[in-house]
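Notes follow the structure.
The values are calculated or read from the model by the stated rules, or taken from the named source; none is laboratory data. Because the structure is predicted, anything quoted here is derived from the model rather than measured. Note that each Cβ is placed from the backbone with ideal geometry, even for glycine, and that neighbours are counted across all protein chains shown. These area figures cover heavy atoms from the full protein model, side chains too; ligands, DNA and RNA do not enter into them. Shrake-Rupley method; radii C 1.70, N 1.55, O 1.52, S 1.80 Å.
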Amino acid sequence: MIDKVVASAEQAVADIGDGASLAVGGFGLCGIPVALIDALHRQGTRDLTTISNNCGVDDWGLGILLADGRIRRTISSYVGENKEFARQFLAGELEVVLTPQGTLAEKLRAGGAGIPAFFTAAGVGTLVAEGGLPQKYDAEGNVVLASSPKEVRTFKGADYVLEESLTPDFALVHAQKGDMHGNLVFHATAMNFNPLCAMAGRVTIAEVEELVEPGGLDPEHVHLPGIFVQRVVHVPPGSPHSEKRIEKRTVAATEEAS
């Protein structure tokens, strides 16, 4: 078996060049491959197409690439927590392909499974299927690029829209545990999109909190087999990129305050 461990995040992303497409795992602020994103940012890579459920927040995750104008196009589902994202989109600086969340997940899973396209009921009867969904504006707020109509077919009396799968150049993911062969274990909400992105990427790079020797993972607990992973970087707890943020903090009022 191949030892897939590389010495640093910088080394892991060194061949991600300008114009590359990459799927980035995580959900909200959970399971974000922050070390890999930061290394890509320091490298200066630009003109990127990103595929992710959301595009980070203003000062973290994909948000740092976005803030410096490194992302040209993004395929995402939920983008409501990033003010800079909204500003760039409305100012004509960013191309956005809004995609239903379940459809986005299946586009990645199907891509990793070698399925080029599939039919789904999500989006039938809307601009998702009919076309005309704004993807890019100009500086005056005019739509200069809109989505094209998609094939709709009837199966057993119900309509379904054809969606093409995604196979980006690279995938960046974050896992709780991994071994030297690339087998990965994700924790809780980090299971959202990380395994799917890892499957879809032609080259998948995983940052792991705990790196174990081969045989150190219970095979029954492995969420993603190493066949989908090409590089592994150890980012242990306590390292500069090990922060786990809370997207929206809610606290209870004390008795004195109430």
If one builds a Gaussian network model of the chain from Cα atoms under 10 Å apart, the most fluctuating residue listed among Thr49, Thr103, Thr154 is Thr154
Under a 1.4 Å probe, counting only protein heavy atoms, Met191 has an accessible area in Å², nearest 10, of 80
Rounded to the nearest 500, the 222 nm mean residue ellipticity computed for the chain from DSSP H runs (n ≥ 4, each -39500 (n - 2.57)) alone is -5000 deg cm²/dmol
In terms of the alpha carbon gyration tensor, root eigenvalues a ≥ b ≥ c, rounded if a/c is under 1.5 and otherwise prolate when a/b exceeds b/c or oblate, region 118-174 is oblate
Contact order relative to length for region 201-245, counting C-alpha pairs under 8 Å separated by 6 or more residues, stands in percent at 54
Under the Karplus relation with 6.51, -1.76 and 1.60 and θ = phi - 60°, whole-Hz ³J(HN,Hα) for region 125-132, x at Gly and Pro, equal x, 10, 5, 4, 8, 7, x, x
Averaged over all viewing directions, the convex hull of the alpha carbons in the chain casts a projected area in nm² of 18.1
Residue span Ala117 to Glu213: 0.36 nm per residue of separation minus Cα-Cα distance leaves a gain in nm of 30.8 nm
Lys and Arg at +1, Asp and Glu at -1: neighbours of Glu10 with Cβ under 13 Å from its Cβ sum to -1
The chain, Gaussian network, Cα under 10 Å: of Val24, Val203, Val233, the residue fluctuating most is Val203
Reported to the nearest 10 Å², Ser8 has, with a 1.4 Å probe, an accessible area equal to 40
Surrounding charge for Ile115, neighbours by C-beta under 12 angstrom, Lys/Arg +1, Asp/Glu -1, total -1
With 0.36 nm assigned to each residue of separation and the Cα-Cα distance removed, Asp15 to Val97 gains 27.0 nm
One finds the C-alpha centres of region 1-68 and region 90-121 to be spaced, in Å, by 19
By the DSSP-based rule, helices of the chain that are at least 15 Å long along the axis (C-alpha) and have a mean Kyte score of at least -1.0 are 101-112
Any lysines whose Cα falls less than 16 Å from that of Lys4, other than same-chain ones fewer than 8 residues away, would be Lys177
Low-density loop GluC sites (Glu not before Pro), region 178-234, at most 16 other Cβ within 10 Å, DSSP non-H/G/I/E/B, are none
Label model pair Leu127, Asp59: point-to-point distance (7 angstrom along the Cα→beta-carbon line) in nm is 3.3
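Can you give the alpha-carbon Rg of region 111-232 over 2.2 N^0.38 Å, where N counts its residues?
In units of the 2.2 N^0.38 Å rule of thumb, it is 1.40.
Report the calculated FRET efficiency for Leu90 and Ser148 (r = Cβ-Cβ distance, R0 = 22 Å), to the nearest 0.05.
0.50
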Dividing the surface of the Cα convex hull of region 8-56 by four yields a projected area in nm² of 3.2
Region 16-106, convex hull of Cα, quarter of hull surface, nm² -> 5.2
Surrounding charge for Leu36, neighbours by C-beta under 10 angstrom, Lys/Arg +1, Asp/Glu -1, total -2
Within the set Gly123, Gly201, Gly178, GNM on the chain using Cα springs under 10 Å gives the largest fluctuation to Gly123
Taking max minus min of the Cα coordinates of region 56-134 on each principal axis, largest first, gives extents in Å of 36, 28, 19
So, with points 7 Å from each Cα along the Cβ direction, the Glu220-Ala7 label distance in nm works out to 4.0
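Once you have the alpha carbon radius of gyration of region 1-152, what is it after dividing by 2.2 N^0.38 Å, with N set to its residue count?
1.11
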